[in-house]
Structure formats: C-alpha cells, structure tokens
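To start, the structure itself, in structure tokens.
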Amino acid sequence: MTEKPSYQIPGLPYDFNALEPVIHADIMELHYNKHHKGYVTNLNAALEKYHEAESQKDPAQMIACQSAIRFNGGGHINHSIFWTILCPQSQATGKPFGELAKAIQKDFGGFDTFVEKMSHATIAIQGSGWGWLGYNKNLKRLEIATCSNQDPLSTQGLVPLMGIDVWEHAYYLQYKNVRVDYVKALWSIFNWKNIEDRFTKACV
Ligand code: MN3
C-alpha cells in the first residue's frame, strides 16, 4: 500500500513583523498562513488523488492530477526557499561574501551589475512568477532566470540559490502595483549566509 503523502509547511525562521519596514507583518501573515499553507494543503490533496488513481491503474486520472501537483508543489518549494533567503534588516550583510561573491564577480562582472540584471529581469515578468539566481551545474556558472506561475527553477535545469516572488500577493498590500519599489527594497533583507550555503551545496 502506498504511504499517504503529507507535506507540511516549514516554520518561519522569524516573526511576521521581523522584515519590516521592507515587508509589513500583514503581508507576511497572509503570504505564509494563507498562500503557502494553501499550496501545501492542495499539494497533499492532489497527491492523494494521484495515488488513488495509481492504485486503480487509471492513467488518465493520474495525468489529470499533474498540473495541480506542479502548481502547488512548485509553490511549496518556492516559498520554502523564499522565507529562508530573507532575514531582518539588522542581520543582513547587504552583500554576498566568500565564494559566492567571487562567482558573482566572475559571471556578472560585479555585484552592482548582478543586482541591476536580476532586478530588471524580475520586474519585467509578465503576470505572476519568480525571478531567480540559479546555479548551472553543467556549465559551472551562475545564471539569472525567470519562471511563470509557481514553476520551480529545477524546470529550467538550474539549482535555486535565491528567488524573488513577484506575485502581487507578495507586495500589493504595501506597494500597490509598484513592483519596482518592492524589488528594490528587498535587496536590504537578503540573507546572504543562507544563499552562500545553497551555493556551496550546489557546487558539490
Ligand atoms: Mn508567494
């Protein structure tokens, strides 16, 4: 018998108000408690349906579950990364350091150029999606990429290092429709220690 799937929302590593003034507590609470929790609930429901269809040898029904698994599974993966690559402004270093800083220098020509390119690509996303800094293991280099909806970065063959959620639910309550101001403000709360750790693991 197939084990019943059950994904759970990971704990937030800080309080809802910890990212103020960049992200207000009401956005954090809604984003975590409603949106991320919703992806987890719907992922579990879709997997349960999938396993039921599998046990009944009903491939058409299995295929019918796939878009819900992709969307909600992606949402769960993306938000689980997002909470950990952010930190309170008081703890933020402002810039990467160590090997990641060197790789950014090598692949983008400097931190400021990287910020500009990643911001530009992310702000330009049409509709809902994510901007990412990823690691290309084959070419051994950093790449900036964008994904629509909740597609995880792995769909583009990259290991996710840091991502920017530009769904309106991530900023609308505070920034209204001014996505550019939200993306600009986020740079002061990135947790470069966490991102550097992801880079180290990706390079192995
Ligand atoms: Mn979101």
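Values quoted throughout were computed directly from the atomic coordinates according to the rules given, and no laboratory measurement underlies them. Values in this document were obtained by computation on a predicted structure and should not be read as measured data. Here Cβ is always computed from backbone atoms with ideal geometry, including for glycine, and neighbour counts include all displayed protein chains.
Using the Cα centre of the chain as the reference point, and only Cβ charges (+1 on K/R, -1 on D/E), how large is the resulting charge dipole? Debye, rounded to the nearest 20. Let's see the in-between values first.
On the way: 19 positive and 20 negative charges, 98 e Å.
The dipole magnitude comes to about 480 debye.
For K176, go through the lysines and keep the ones whose alpha-carbon is under 28 Å away, minus same-chain ones fewer than eight residues off.
Result set, ordered by chain and number: K34, K37, K95, K117, K184.
Where in the stretch 1-94 are there GluC sites (Glu not before Pro) that are in a DSSP coil and have at most 12 other Cβ atoms within 10 angstrom of their Cβ? Present the calculation step by step, with values, prior to reporting the outcome.
Working: sites: E3, E29, E48, E52, E54; in loops: E3.
When the GluC sites (Glu not before Pro) of the stretch 1-94 are filtered for loop state and at most 12 Cβ neighbours within 10 Å, E3 remain.
Within the stretch 37-118, list the trypsin sites (Lys or Arg not before Pro) lying in a DSSP loop whose Cβ has at most 12 other Cβ atoms in a 10 Å radius. Could you put the intermediate results ahead of the total?
Values: sites: K37, K49, K57, R70, K102, K106, K117; in loops: K57.
When the trypsin sites (Lys or Arg not before Pro) of the stretch 37-118 are filtered for loop state and at most 12 Cβ neighbours within 10 Å, K57 remain.
Just subtract the alpha-carbon distance of S188 and K137 from 0.36 nm times their residue separation and send over the number in nm, one decimal. Walk me through the numbers before you get to the answer.
On the way: separation 51, 0.36 × 51 = 18.36 nm, distance 2.79 nm.
Full extension from S188 to K137 adds 15.6 nm.
Could you give the length gained by full extension between F111 and T155, i.e. 0.36 nm per residue of separation minus their alpha carbon distance, to one decimal place? Walk me through the intermediate numbers first.
Numbers: separation 44, 0.36 × 44 = 15.84 nm, distance 2.60 nm.
So the extension gain works out to 13.2 nm.
For the stretch 1-78 and the stretch 94-139, what is the separation of their C-alpha centers, rounded to whole Å?
Cα centroid of the stretch 1-78 versus Cα centroid of the stretch 94-139: 27 Å apart.
So how do L139, L100 line up by other beta-carbon neighbours within 10 Å, fewest first?
Details: L139 10, L100 23.
Exposure proxy ranking, most exposed first: L139, L100.
Could you work out how far apart the two model spin labels at E52 and A124 are, taking each label as a point 7 Å from the Cα in the direction of the beta carbon, and quote it in nm?
4.5 nm
Listing L142, L173, L86 from the residue with the fewest other Cβ atoms within 10 Å to the one with the most, what is the order?
Numbers: L142 20, L173 14, L86 23.
If I rank by nearby Cβ atoms, fewest first, I get L173, L142, L86.
Provide D26, D107, D165, D197 in ascending order of the number of other Cβ atoms located within 10 Å of each residue's Cβ, fewest first.
Result, fewest neighbours first: D26, D197, D107, D165.
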